[in-house]
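The values are calculated or read from the model by the stated rules, or taken from the named source; none is laboratory data. Source: prediction; values computed, not measured. FYI the Cβ positions are ideal-geometry reconstructions off the backbone, even for glycines, and counts take in every protein chain you see.
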Amino acid sequence: MTLRRKQQLWYILADLISSELVWLCFLAFRWIVYEGRVGVPGDVLIPAFSFWPPLIVYPMVCLVIYYLSGYYLRPFQKPIWRELMRTFISAAIIALLFFFIIIIDDEVDSYDRYLVSLAVLFGLQFVLSYIPRLTITLLTRSRGVMRTRTIHSYDEAQQLVRGEQEEVIIDLPDHTDPEQLYRLIAQLYPLSCEISIVPRVYDILVGAARIDRLDRPSLIRVTEQNMSDAELCIKRAFDIVTSLIGLIVLSPLLALISLQVKWSSSGPVFYSQERIGQYGLPFRIYKFRTMIDHAEPEGQPQLTLDNDPRITGIGRWLRKYRLDELPQLINILRGEMSIVGPRPERPYFVAQIMQQAPYYCLQYKVRPGLTSWGPVRVGYTDTMDKMIERLNYDLVYVENMSLLLDLKILFFTADVILRGKGK
């Protein structure tokens, strides 16, 4: 288990325990003050909910809200002020949510009781969750758990081990060739760590260097994403929900396509290929088989051509409406892909692309997707020039990622599917 994963689990465990404690303290408050155990006997509020369900649901809901806030995404990069604000906002959302779900149904003799209950729940949630979070953060800093390595050459990068550093800073001579820099970045991505570059004079002048913390030097954050942590977590939650619902709702269609593929030609229903995904790590992508079995008899990857004789009858129809990509909902659910993201390529073609466009590795910072701006604008890539053109569009997407942009791309993708522009 990596240091990052351990740190995430510490925060999750602390939040789970503190949330359970919050709800128990809130129940004690209601039991003592509002049920007449302490105070004027006639001044009574009767809770309109059962005891056990919220005791189980409340901590789970808190963890979901904390996750969507992006709190767990970067466990070692937590400035004190940002941790305070995220905890404050999350506590407010949790308190308001349970106020409208549970507290507002209580029978009261004064509406001031509602405000008191809301204030008490918010105060408990904020204080009891912030204290253990801050404790973990300060202990981590005092022990110097976060490991940062500075490297000056490709040979030093090859000596690094995945999981043993949270950030790698590249400090190269000013005269370093850009192609060597991209080669070094591609070597570092599989370490799944933050990658930064010490800026040169030109980088500072054009504004590429960023200051994210006053106690750290200004660096070019290669792995920094345009989306906020909260947006990235919302995007991932959208991927999980959409892929799960898609697999359930489209199961009759998936079954029908499977039968058609099986009856149309000999061979397996599904086809898998090795692709390069986030952090430059390989994974198996799943598709409905649209070509004859053993379409690449010598194992040499081949691009799809116009009127390719290897494509089956049903396969041509599936490609036209992009239905052969539907099994990739499994890849999305497993976290290997996203609904929207750069299309992943096979290692064979990645090596060829990087000979002409060594900056290909810059898209490794995000999960590959079922669709993206590149496939919408370029479509299927049957030449190396089209692959590079699609790459350039995808890099524009990576540098301008947002939830709104994802929705726009999905809209254009739906238009491509309905018009049958696939090949």
* Asked: For region 62-70, does any single residue satisfy the condition of being assigned to a loop (DSSP other than H, G, I, E, B), under 22 Å from residue 233 (Cα atoms) and either outside the structural domain of residue 238 (by TED's automatic domain parsing) or modelled with pLDDT under 95 (or both)?
  -> yes
* To do: For residues that are under 23 Å from residue 193 (Cβ atoms) and of a type in the set (Gly, Ala, Ser), scanning just region 225-248, find the one that is surrounded by the most Cβ atoms within 10 Å (Cβ to Cβ).
  => 230
* Asked: Within region 84-95, can one find any residue that is among the hydroxyl-bearing types (Ser, Thr, Tyr), more than 25 Å from residue 33 (Cα to Cα) and either surrounded by 14 or more Cβ atoms within 10 Å (Cβ to Cβ) or modelled with pLDDT of 85 or more (or both)?
  -> yes
* Any residue in region 106-122 that is more than 17 Å from residue 67 (Cβ to Cβ) and modelled with pLDDT of 95 or more? -> yes
* Return the pairs, sorted by first residue and then second, in which the second residue is β-branched (Val, Ile, Thr) and surrounded by 18 or more Cβ atoms within 10 Å (Cβ to Cβ), the first residue lies in region 125-154 and is part of a helix (DSSP H, G or I), the beta carbons are less than 7 Å apart, and the residues are 6+ apart or on different chains. => 125/22; 125/94; 126/87; 128/22; 129/87; 130/87; 133/87
* So residue 73 clears everything in (1) at pLDDT 85 or above; (2) hydrophobic (A, V, I, L, M, F, W, C); (3) touching a Leu at 6+ places or on another chain (Cβ under 8 Å); (4) part of a helix (DSSP H, G or I) except one condition, right? Which one? -> (4)
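Hey, any hits in region 310-318 for a residue that's of a type in the set (Phe, Trp, Tyr), in a loop (DSSP other than H, G, I, E, B) and surrounded by 13 or more Cβ atoms within 10 Å (Cβ to Cβ)? If you could, list the steps in order and put the result at the bottom.
If we filter region 310-318 for residues that are of a type in the set (Phe, Trp, Tyr), which is where we start, we get 317.
Going one step further and asking which of them are in a loop (DSSP other than H, G, I, E, B), we end up with none.
No.
Condition check ((1) at pLDDT below 90; (2) touching a helix residue (DSSP H, G or I) at 6+ places or on another chain (Cβ under 9 Å); (3) not assigned by TED's automatic domain parsing to the domain that holds residue 401) across all residues:
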| site | (1), (2), (3) |
| --- | --- |
| 243 | no, yes, no |
| 259 | no, no, no |
| 264 | yes, yes, no |
| 284 | no, yes, no |
| 299 | yes, no, no |
| 304 | yes, yes, no |
| 311 | yes, yes, no |
| 314 | yes, yes, no |
* Residue check for residue 384: touching a Cys at 6+ places or on another chain (Cβ under 8 Å) and surrounded by fewer than 19 Cβ atoms within 10 Å (Cβ to Cβ) -> no
* Got at least one residue in region 38-58 being in contact with a Cys (Cβ under 7 Å, 6 or more places away or on another chain), aromatic (Phe, Trp, Tyr) and either at pLDDT 90 or above or assigned to a loop (DSSP other than H, G, I, E, B) (or both)? -> no
* Asked: Does residue 348 satisfy the condition of being surrounded by fewer than 16 Cβ atoms within 10 Å (Cβ to Cβ), touching a residue at least 24 places away in the same chain (Cβ under 8 Å), in a helix (DSSP H, G or I) and not charged (D, E, K, R)?
  -> yes
